[in-house]
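To keep things clear, I will list the structure first and then write my remarks on it.
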Amino acid sequence: MSWVSRLRISSTSRVVALASMAAFATQVAFALLMLRLFTPQEVGEFSVLSQIGFFWMTLALAQAPLSLLANAHVPADVAARQAWRASVTRGAWLLPLAALALSFSKLSVWPALLWVLLLAVCQMAWMLAQALSLRVGSPWQQAAVRVLPPMTAACTALGAALVGSAMGWSGPTLVVSAVLGYAVGAAWLIPAWRKTDAAHAVVDDAASAEATEQPTQADTRSTTLRMTHTLVDALLATAVVLVWQRLYGAQETGWMTALLRVLGFLPAVVHMAWAQVMLAKPQASRASPLWLGLAAFACVGLLGLACATALHEQWLDARWRGVWPYIAPLVLWQGCACLSAAFSHRPFQTQSAGMYSWVCMGLALAQGLVLLAPLVLDWPISASEHLSGFALVSGLGLLGVTGWMARLR
């Protein structure tokens with residue numbers, strides 16, 4: 001069987017993949033806008049704000065979109081409303097953590113905290129809207145909810161930069177553009193509040209059916225385990241940016257995060273267009289996760305090569321030459337993440353979701369030790385050496401997790 005035939009996927013996966021790739025192209029355009037129209041300092045500060053907002057949002061959600069997809073026995077509208085209310089409640093209790101992260105980053109708490117909250121709330125609604133549309137939306141809705149938000153952000157950033165350049169105006173262009181983009185995505189969650197009474201009647205029937213028949217696919221983890229897993233992931237993702245800024249400054253942070261924004265979208269595409277579709281529609285495709293993951297790894301390598309070519313041909317401003325040593329480590333890290341994402345639906349289809357959380361948290365602990373070692377032990381290490389060690393541990397760990405998931409049946 002050829003590798004092309006092994007990559008045959010369902011129509012739903014194709015729609016989501018094409019929409020995700022269109023969104024990815026827009027993300028690349030947004031990244032290029034940041035490189036051409038904004039300074040590394042501005043990109044670094046925006047990256048810190050967006051990462052803290054991502055941390056707040058991720059912890060408040062507690063993997064609710066994944067549970068919404070895995071628990072197919074619960075009506076989608078009801079599950080979406082319950083997930084939103086629970087997430088907002090958790091988010092309110094987590095406000096002190098967001099303020100603490102801002103103080104650690106050396107940024108002014110106000111108005112930075114306001115921007116972080118706007119980013120987090122709008123992005124949280126957008127994440128739930130994507131899961132909802134995957135279960136009950138039409139193909140064009142599934143595509144629009146993924147493409148329109150980044151397109152809105154990119155167009156807003158470009159327009160504001162051009163107007164600001166012509167009129168001599170300066171402001172928080174990047175963060176405002178991101179908030180508007182997420183707000184457009186959040187609007188797709190509104191249909192979850194339609195026909196509330198009928199939905200409550202349906203969920204009662206579903207609960208009765210669940211009492212007599214255990215679903216074969218479900219998120220069987222406790223709320224505590226989901227929260228702990230989410231906390232560990234969010235802390236690691238946020239610590240990468242904050243530690244980099246603390247140790248190496250905003251410019252180095254801008255170099256790393258700009259490239260990570262480009263390369264890191266590929267694992268997200270695999271997760272959205274493959275793993276999430278397999279949870280929402282388990283019989284949708286029989287394609288090989290291994291071949292899909294390897295193809296995504298190759299795409300990450302090609303993107304890294306494209307970045308290297310852009311630097312070599314001097315298509316970017318000379319201030320961005322510091323990206324060079326980051327390319328290879330990030331390609332390794334994000335390529336292995338693609339392989340892991342291709343198998344990430346397996347634990348939820350084999351009653352192994354709990355073990356999946358423990359394995360992921362173990363890997364995150366190892367990554368955190370490597371990340372924090374130079375800061376805690378005061379090691380004289382360069383940013384490129386630090387990232388190389390971190391990427392090596394991350395890549396090997398992700399390959400181990402992938403091997404475990406591949407054996408699940």
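Listing for the model above:
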| read-out | value |
| --- | --- |
| Criterion violated by residue 170 - all others in (1) modelled with pLDDT of 85 or more; (2) in contact with a Gly (Cβ under 9 Å, 6 or more places away or on another chain) satisfied | (1) |
| Candidates 204, 219 - the one that is more than 30 Å from residue 29 (Cβ to Cβ), open to solvent by 80 Å² or more (accessible area, probe 1.4 Å) and either at pLDDT below 85 or outside any helix (DSSP H, G or I) (or both) | 204 |
| Number of the exception - residue 255 against (1) more than 26 Å from residue 46 (Cα to Cα); (2) of a type outside the set (Lys, Arg); (3) crowded, with 23+ Cβ neighbours inside 10 Å; (4) touching a helix residue (DSSP H, G or I) at 6+ places or on another chain (Cβ under 6 Å) | (1) |
| Residue identified as assigned to a helix (DSSP H, G or I), over 30 Å from residue 29 (Cβ atoms) and touching a helix residue (DSSP H, G or I) at 6+ places or on another chain (Cβ under 8 Å) among 116, 121, 145, 78 | 78 |
| Matching residues in the stretch 309-336 - criterion: being open to solvent by 20 Å² or more (accessible area, probe 1.4 Å), at pLDDT 85 or above and either charged (D, E, K, R) or over 13 Å from residue 252 (Cα atoms) (or both) | 309, 328, 331, 332, 333 |
| Some residue of the stretch 354-361 being within 26 Å of residue 262 (Cβ to Cβ), more than 22 Å from the chain's Cα centre (by Cα) and either of a type outside the set (Lys, Arg) or open to solvent by 50 Å² or more (accessible area, probe 1.4 Å) (or both) | no |
| Any hit, the stretch 31-48, residues being part of a helix (DSSP H, G or I), in contact (Cβ under 8 Å) with a residue 40 or more places away in the chain, within 20 Å of the chain's Cα centre (by Cα) and over 30 Å from residue 250 (Cα atoms) | no |
| Identity of the residue in the stretch 75-123, more than 16 Å from residue 226 (Cβ to Cβ), touching a residue at least 40 places away in the same chain (Cβ under 8 Å) and polar (S, T, N, Q), that ends up surrounded by the fewest Cβ atoms within 10 Å (Cβ to Cβ) | 105 |
| Scope the stretch 124-142; condition part of a helix (DSSP H, G or I) and free of Cβ contacts under 8 Å to residues at least 12 places away in the same chain; matching residues | 140 |
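The values are calculated or read from the model by the stated rules, or taken from the named source; none is laboratory data. Keep in mind it's a predicted model, so treat the numbers as computed, not measured. Neighbour counts run over all protein chains shown; Cβ positions are idealised from the backbone, glycine included. The area values use the complete protein model at the heavy-atom level, side chains included, leaving out ligands, DNA and RNA. Shrake-Rupley method; radii C 1.70, N 1.55, O 1.52, S 1.80 Å.
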